[in-house]
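Only one structure is covered here, and it is reproduced in the block below.
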Amino acid sequence: HLEQVASQVFDKYSEAPVQAESATAERFLKTENLEKISSKYDPLDLVKKGGTSPIDTQHRAIVSVKDYLENQGQVEGRRLLDDFFAPPYGWSKDTTRYIVSAMLVAGIIKLRISGEDVTVRGDTAINSLKNTVGFNKIGIALRDAPVDPDKLLQARDRLLSLTGEQVMPLEEDISKCVMRHFPDFQHDYAPLPVQLENLGLQGNERAESIQESLAEI
């Protein structure tokens, strides 16, 4: 009887029916190549290995957190953990932190930390999400204008053709690749506008010379 009642009271528990390890959120954020992450640190299979998008944004757990934030607006981390620990969810707080970490990587949410918005994983995000103490103090909200996934794919493909480097279609990975290669591109191709202008002037002079010769004929 209790089992039947529990399934009714916690009817969304099946969306995240795992007890993630305490370090899962931190390890998820620190993994550079998410396609190689072990199931131990991705127990809900939120990473879409081999897919066009690295995170399964249609996973039921992610959709539930997204719907919650759409209704609540920005919420304190402590409140979010408590709400998803209570009915109808009953999720482990460590599991909820891991889900939020995946949503940050996917570009769905932003963190409010010490008065600043954080939208990508990095030391600031990792330190705030790696344990419940840090998580309790931050604000969490949906991003106002997340980057179109199709645009990220286009950027990834263009970087591959320009640099030969395969990167994940994530904002931070694309940004890091640009920072590695584009300063050299800017240096190498800086003289190009002047060279093209000179070629254009030479071409115009040749065209004028030909026109004068034809006029004489």
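The values are calculated or read from the model by the stated rules, or taken from the named source; none is laboratory data. Since this is a predicted model, take the numbers as computed values, not measurements. Counting neighbours? That spans all protein chains shown, and the Cβs are built from the backbone with ideal geometry, glycine included. Ligands, DNA and RNA are excluded from the accessible area calculation, which covers all protein heavy atoms including side chains. Shrake-Rupley method; radii C 1.70, N 1.55, O 1.52, S 1.80 Å.
Within segment 1-21, the residues that satisfy the criterion of being surrounded by 15 or more Cβ atoms within 10 Å (Cβ to Cβ) and among the small types (Gly, Ala, Ser) are Ala16, Ala20. Within the set Leu44, Leu80, the sole residue that is more than 19 Å from the chain's Cα centre (by Cα) and either open to solvent by 70 Å² or more (accessible area, probe 1.4 Å) or hydrophobic (A, V, I, L, M, F, W, C) (or both) turns out to be Leu80. Ser14 passes every criterion in (1) in contact with an Asp or Glu (Cβ under 6 Å, 6 or more places away or on another chain); (2) among the small types (Gly, Ala, Ser); (3) part of a helix (DSSP H, G or I) apart from (1).
Evaluation of Lys66 against the conditions (1) assigned to a loop (DSSP other than H, G, I, E, B); (2) surrounded by 11 or more Cβ atoms within 10 Å (Cβ to Cβ); (3) under 19 Å from the mean Cα position of the chain (by Cα) shows that the sole unmet condition is (1). With a requirement of 2 or more residues that are acidic (Asp, Glu), modelled with pLDDT under 95 and over 19 Å from Arg27 (Cα atoms), the strands (runs of 3 or more DSSP E) lying completely within segment 84-159 that satisfy it span 116-118. Within the set of pairs 6+ apart or on separate chains, which have a first residue in segment 79-102 that is free of Cβ contacts under 8 Å to residues at least 12 places away in the same chain, a second that is open to solvent by 30 Å² or more (accessible area, probe 1.4 Å) and part of a loop (DSSP other than H, G, I, E, B), and C-beta atoms under 7 Å apart? Every condition considered, no pair remains.
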